[in-house]
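To start, the structure under review is shown below, and the notes come after it.
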Amino acid sequence: MDSLPTFLRLQGRKCLLVGDHTNTQTLIASVMRTGAQVTVIGNDAVPSDGVVTIQRNFNDTDLIDCWLVVSAFDDDARNRAVVSACEKKQIFCHVTGNPGQGTAIIDTLQTASASGRQFSSALTAEPLSTPPSTRVSLVGAGPGDPDLLTLRALRLIQSASVVVYDRLVSTSILSLCNPAAQFIYAGKAKANHALPQDSINELLVELAKTHDSVVRLKGGDPFIFGRGGEEIETLTDHKVSFQVVPGITAASGCAAFSGIPLTHRDHAQSCVFVTGHLRDGQINLNWKDLRDPTQTIVVYMGLTGLRSICETLIKHGRDPHTPAALVEQGTTTAQRVLASTLNELPQLVEQTDVGAPTLLIIGGVVSLREKLDWFGASQ
Ligand code: SAH
């Protein structure tokens with residue numbers, strides 16, 4: 001181990017959190033509990049009680065009088081710049097989501113309050129089906145909120161020696177991983193794969209030779225549009241032992257958090273998950289099968305092709321007035337739901353500034369959301 005487990009007495013001392021709002025949020029409460037004087041700097045920083053909030057970019061003079069810094073950008077280069085500025089001034093810096101990048105590691109599981117303690121005690125419970133001894137675990141991280149991880153996923157990320165993760169794995173989940181693990185970003189932004197799939201498959205085989213606990217961490221569920229099958233096929237070919245840990249897929253997460261039951265006796269007797277990913281500008285789906293009015297359709301990766309999907313469904317006989325909703329950043333505090341009809345949703349989405357990830361849900365069940373939207377109502 002090249003780090004010294006340490007407790008810091010921060011009461012009355014200036015601690016600085018810089019970065020993107022949703023990422024800084026995950027640590028504010030923990031740092032506040034120590035009695036530190038917390039300053040948050042970020043373009044999208046949101047004022048909160050007891051915190052000095054400054055809405056602008058970070059600069060080196062912000063480090064004056066600081067004892068500890070947390071850098072929480074999604075962008076690696078910006079985190080590196082903060083770490084390097086801290087290094088020059090000999091101030092320790094923790095990087096959320098990539099603990100290996102900084103000079104300090106805050107153990108977020110220990111710092112989490114009551115819910116953290118519950119996590120820890122739940123983790124001491126014996127699993128009912130003990131996983132076989134495995135080198136590689138293909139782990140579903142769920143749709144974003146760490147509270148939606150399975151206990152097995154949490155157990156495994158806490159003890160992993162290397163974590164290979166995707167873009168969709170949230171920073172707050174990465175912060176729960178073993179801080180001493182090696183972190184490898186396997187990427188996957190649309191049309192901008194950080195690592196091609198074949199290289200990821202081979203990488204897992206290579207890592208399994210030198211690490212006894214490789215975690216391949218994927219957004220949602222590894223077997224739903226996650227290419228998990230391809231990764232374990234390669235492991236099988238190389239006789240590497242593995243296990244698969246299911247995660248909450250985006251469809252379940254987004255549906256639950258937007259008050260849209262995917263099936264309902266009055267509206268939908270079946271539900272289908274399809275990909276809206278364009279191949280050579282085309283979406284290849286079995287459109288005729290999708291016109292059944294009693295079937296809910298959930299479209300993953302459907303934002304770019306949204307207009308084409310809606311129009312083609314109508315062309316093949318789905319009622320233009322069918323309720324349809326686009327769920328953006330489902331299950332997170334930034335979740336937004338645009339609800340309309342098959343006919344009108346494309347225009348609504350085009351007029352709104354929508355960003356990935358988004359999930360499209362089509363069918364009569366969407367109309368229930370007006371009554372059942374518990375999450376939006378609680379925000
Ligand atoms: N294996 C993942 C899906 C990977 S494909 C799963 O089971 O959820 C990536 C697509 O999932 C995104 O383009 C988006 O359509 C959807 N997605 C994942 N997380 C999401 C979220 N939090 N909110 C909305 N859509 C999400």
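The values are calculated or read from the model by the stated rules, or taken from the named source; none is laboratory data. Worth saying up front: this structure is predicted, and the values here are computed from it rather than measured. Please note: Cβ atoms are built from the backbone with ideal geometry, for glycine as well, and neighbour counts cover all protein chains shown. Just the protein is used for accessible areas: all its heavy atoms, side chains included, with ligands, DNA and RNA removed. Shrake-Rupley method; radii C 1.70, N 1.55, O 1.52, S 1.80 Å.
Quick rundown of the values:
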quantity: For region 210-273 versus region 57-110, the gap between their alpha-carbon centres in whole angstrom; calculated: 33 Å
quantity: Estimated inter-spin distance, residue 147 and residue 9, nm [label 7 Å along Cα→Cβ]; calculated: 3.5 nm
quantity: Overall form of region 14-123 per C-alpha gyration tensor (a/c, 1.5; a/b vs b/c); calculated: prolate
quantity: Relative contact order (%) - criterion: Cα under 8 Å, at least six apart; region: the chain; calculated: 12 percent
quantity: Full-extension gain in nm, residue 206 to residue 29, via 0.36 nm per residue minus C-alpha separation; calculated: 59.8 nm
quantity: Candidates 20, 221, 65, ranked by Gaussian network fluctuation over the chain, Cα under 10 Å, top entry; calculated: 65
quantity: Efficiency of FRET from Cβ geometry, residue 236 and residue 81, R₀ 56 Å, rounded to 0.05; calculated: 0.85
quantity: Calculated FRET efficiency for the pair residue 308/residue 59, C-beta based, R₀ 30 Å, to 0.05; calculated: 0.10
quantity: Helix 114-123 axis, angle to the chain major axis (alpha carbon atoms, nearest 10°); calculated: 80 degrees
quantity: Where only alpha carbons of the chain are counted, the Rg and the Dmax (Å); calculated: 22.2, 66
quantity: Projected label distance in nm at residue 159 and residue 374, using a 7 Å step from Cα toward the beta-carbon; calculated: 3.3 nm
quantity: Most fluctuating residue given options 200, 260, 283, as computed from a GNM of the chain linking Cα atoms under 10 Å; calculated: 283
quantity: Vicinal HN-Hα couplings computed from phi for region 50-56 (Karplus, 6.51 cos²θ - 1.76 cosθ + 1.60; Hz; Gly/Pro x); calculated: x, 10, 7, 10, 10, 8, 6
quantity: Most positive-pole-ward Cα, 275, 85, 259, against dipole of the chain from beta carbon charges; calculated: 85
quantity: Whole-percent carbon and sulfur share, accessible surface of region 162-290, 1.4 Å; calculated: 51 percent
quantity: Carbon/sulfur fraction of accessible area - region 332-379, other protein chains in place, 1.4 Å, %; calculated: 49 percent
quantity: Region 136-248, Cα convex hull volume normalised per residue, Å³; calculated: 85 Å³
quantity: Surface share of carbon and sulfur [accessible, 1.4 angstrom probe, percent] for region 1-108; calculated: 52 percent
quantity: Solitary cysteines of the chain, where the nearest other Cys Cβ is not under 4.7 Å; calculated: 15, 66, 177, 254, 271, 310
quantity: The chain - accessible surface per residue (Å², probe 1.4 Å); calculated: 50 Å²
quantity: Full-extension gain in nm, residue 291 to residue 333, via 0.36 nm per residue minus C-alpha separation; calculated: 11.8 nm
quantity: Rounded if a/c under 1.5, otherwise prolate or oblate - region 237-374, Cα gyration tensor axes; calculated: rounded
quantity: Listed residues 196, 222, 261, most fluctuating in the chain (Gaussian network, C-alpha, under 10 Å); calculated: 196
quantity: Extension gain from residue 227 to residue 265, taking 0.36 nm per residue of separation minus the Cα-Cα distance; calculated: 10.4 nm
